[in-house]
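The values are calculated or read from the model by the stated rules, or taken from the named source; none is laboratory data. Everything numeric here is computed off the predicted structure, so don't read it as measured data. Neighbour counts run over all protein chains shown; Cβ positions are idealised from the backbone, glycine included. These area figures cover heavy atoms from the full protein model, side chains too; ligands, DNA and RNA do not enter into them. Shrake-Rupley method; radii C 1.70, N 1.55, O 1.52, S 1.80 Å.
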Amino acid sequence: MTAFPEFRGRRLRRTPALRRLVRETQLSPSRLLLPLFVCPGEGVREPVPSMPGVSRTSTDELVRDGERALESGLGGVLLFGIPDSKDDEGTGAWSEDGIVQGAVRELKSRLPELLVVTDVCLCEYTSHGHCGVVQEGGVLNDPTLELLARAAVSHARAGADVVAPSDMMDGRVWAIRQALDDEGFDELPIMSYAAKYASAFYGPFRDAADSTPAFGDRRAYQMDPANQDEAMREVWADIEEGADIVMVKPALPYLDIVHRVKEETGWPVAAYHVSGEYAALMAAAERGWLDGDRVMMEALVSMARAGADILITYWALEAAVRLQRG
Ligand code: PBG
């Protein structure tokens, strides 16, 4: 190792061309997944107040967003459903004519090349807002597995390209893999929310998806933000159960986890820059306190630098425009 004055780090930072030449991390639109919220109706595009630039849309409007995603060269879209009505069990999650199932059929028939990933969970469909079967104020693990598997199979039948379970029940990847295989979907990949933390950064999403738990919180199933080794146990468990892609969520406060998961597993890793991370930066940008475009690109490149192959972000379309401009 040479030292000053032989070594001068600034030599390679002098011009844009030099900086480009030695840049270690490249972003591309194909690595970005855009989360979208689909709701009933027609011609609906209802902005989510705490997420500037994000709306809940009916299926016809969703197809327009899908077209934009395709034109921008995005990796794909990640779909969340907001049903008309909810019940105790969350039956809307697996009904054949459910909101997501219909939206997937429409997207795949209109835009067959668009990669459609579906979030598999019950919390958007249950009246209590929890991610599983509730009994005596607690969420039961094993009885929930069967329901999640049903939901995943219904998404597969509708034409989803990837299913993404986000509930954090134990054994759900195994249950979903078995159910998919039994139904002939043995080639359908699973992207599991493997290390999903009980985070305060999901607040705006729960407004958008109307999925705030009616009582208690999700700490009995989502992970404690203080833990790192436990994330590795969760990730390995999901891989052994059949996950093809593993996700860490949220992203920026958990880049150490992203890094460790990539280093130790070598598996495809997704990082989800969640609603609260997005909302905080957008709010500061709206006030003129931060340069919105620059923090967006810095956040995304940091996720990629830490080891994420796939970046899930509400900025996907804006970032793709920036990347195409160079
Ligand atoms: C459903 C789910 C959540 C998010 C993705 N899938 C919310 C939660 O666990 O409460 C959060 C996404 C975001 O905040 O952007 N279980």
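Side notes on the structure shown:
- Sulfur and carbon atoms: percent of accessible area, the chain [1.4 Å]: 49 percent
- Within the chain, longest stretch clear of exposed trypsin sites (Lys or Arg not before Pro) (DSSP loop, no more than 15 other Cβ within 10 Å): 24-218
- Short-range pairs are left out: with C-alpha atoms under 8 Å and at least six residues apart, the relative contact order of the stretch 173-226 is 38 percent.
- In this label model, Arg325 and Leu12 are separated by 2.8 nm, measuring between points 7 Å along each Cα→Cβ vector.
- Sequence-separation-based contact order of the chain, relative, with Cα cut under 8 Å and 6+ spacing, percent: 18 percent
- Ser30 contributes about 80 Å² of solvent-accessible surface, heavy atoms of the protein only, 1.4 Å probe.
- A DSSP coil position with no more than 14 other Cβ atoms inside 10 Å describes the following chymotrypsin sites (Phe, Trp or Tyr not before Pro) in the stretch 278-319: Trp289.
- Placing dummy labels 7 Å off each Cα toward the beta-carbon, the span from Glu240 to Met1 is 3.9 nm.
- With the helix formula -39500 (n - 2.57) applied to DSSP H stretches of n ≥ 4, the chain reaches a computed 222 nm mean residue ellipticity of -12000 deg cm²/dmol.
- The simple spin-label model puts a point 7 Å past each Cα toward its Cβ; for Asp142 and Asp224 those points are separated by 2.6 nm.
- Segment Arg19-Asp87, length gained on full extension (0.36 nm per residue, minus Cα span): 19.0 nm
- Using the alpha-carbon positions of the chain, Rg (one decimal) and Dmax (whole number) come out as 20.1, 70 Å.
- Under 27 Å of direct C-alpha separation, and excluding same-chain neighbours fewer than eight residues apart, Lys196 reaches these lysines: Lys86, Lys249, Lys262.
- Within the stretch 76-160, GluC sites (Glu not before Pro) in DSSP loop having at most 10 other beta-carbon neighbours inside 10 Å: Glu96, Glu113, Glu136
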